[in-house]
Amino acid sequence: MEDCLFCKFVKNEIKTEKVYEDGDFIIIRDINPQAKNHFLAIPKKHFKYLAEMTADDAATVGRILKKISELKDLLGLDGGYRLVINQGDDAGQTVPHLHVHILSGQKMGWQPA
Ligand code: AMP
Ligand code: ZN
């Protein structure tokens, strides 16, 4: 996807504050943090919706979730954390490349609107 911002992050065509990378995905700091710690886990493969996933993609996302849970110190997960995947307009998805928001480091409310 030539015009996709997150594909450009993955390919290092645009510089970001990358904190982790493996064969499946990168983790960067969100530029507009919504919690004390706010990271984005971005799969290297471009797709927008969970509904588009192949079985291999689903396995990749499963590995990504497991790896996130293991990066406790890096991501500040000790006190608890929240993962968010916005899907489509009603959820406010602004970047059409699937990503997992990782929020941590503070007590959170529950106010989706
Ligand atoms: P979403 O609204 O779920 O599609 O999330 C997109 C996220 O990307 C938002 O939280 C933005 O703050 C974040 N974002 C946009 N541009 C950048 C950037 N250049 N570096 C880091 N995060 C970004
Ligand atoms: Zn992309």
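The values are calculated or read from the model by the stated rules, or taken from the named source; none is laboratory data. Since the model is a prediction, treat every value here as computed from it, not as a measurement. Neighbour counts run over all protein chains shown; Cβ positions are idealised from the backbone, glycine included.
Scanning the stretch 9-46 for residues that are surrounded by fewer than 17 Cβ atoms within 10 Å (Cβ to Cβ), without any contact (Cβ under 8 Å) to a residue 24 or more places away in the chain and of a type in the set (S, T, N, Q) gives N12, N32. Filtering the stretch 30-54 to residues that are of a type in the set (V, I, T) and either under 13 Å from the mean Cα position of the chain (by Cα) or outside any loop (DSSP other than H, G, I, E, B) (or both) leaves I31, I42. Mind checking which pairs have a first residue in the stretch 76-97 that is in contact (Cβ under 8 Å) with a residue 12 or more places away in the chain and a second that is in a loop (DSSP other than H, G, I, E, B) and small (G, A, S), Cβ under 8 Å, 6 or more apart or different chains? Hits for this filter: G76/G105; G79/G105; R82/A35; N86/G92. Residues that are more than 16 Å from ligand 2 (Cβ to nearest atom), closer than 26 Å to E52 by Cα and in contact with a strand residue (DSSP E or B) (Cβ under 8 Å, 6 or more places away or on another chain) within the stretch 81-100 comprise R82, L83, V84, listed in sequence order.
Return the residue satisfying two criteria in turn: it lies in the stretch 92-105 and is more than 7 Å from ligand 1 (Cβ to nearest atom) and assigned to a loop (DSSP other than H, G, I, E, B), and of such residues it is farthest from F25 (Cα to Cα). Even if it seems obvious, please write down each step before you answer.
In the first step, residues of the stretch 92-105 are kept if they are more than 7 Å from ligand 1 (Cβ to nearest atom); the result is 96-98, 100, 102-105.
Now drop any that are not assigned to a loop (DSSP other than H, G, I, E, B), which leaves 96-98, 105.
Values: P96: 16, H97: 12, L98: 11, G105: 22 Å.
That would be G105.
When each of I27, I68, I64 is tested for being in a helix (DSSP H, G or I), within 16 Å of ligand 2 (Cβ to nearest atom) and under 13 Å from the mean Cα position of the chain (by Cα), the lone residue that passes is I64. Before we move on, is V95 among the aliphatic types (A, V, I, L, M) and either at pLDDT below 95 or in contact with a helix residue (DSSP H, G or I) (Cβ under 6 Å, 6 or more places away or on another chain) (or both)? Yes; evaluated as a whole, the condition is true for this residue.
Does F47 satisfy being at pLDDT 95 or above and touching a Pro at 6+ places or on another chain (Cβ under 6 Å)?
no
Of all residues in the stretch 68-80, none satisfies being within 29 Å of D3 (Cα to Cα) and out of contact with any strand residue (DSSP E or B) (no Cβ under 7 Å at 6 or more places or on another chain). Among the conditions (1) at pLDDT 95 or above; (2) over 12 Å from the mean Cα position of the chain (by Cα); (3) of a type in the set (D, E, K, R), the only one that K15 does not satisfy is (1).
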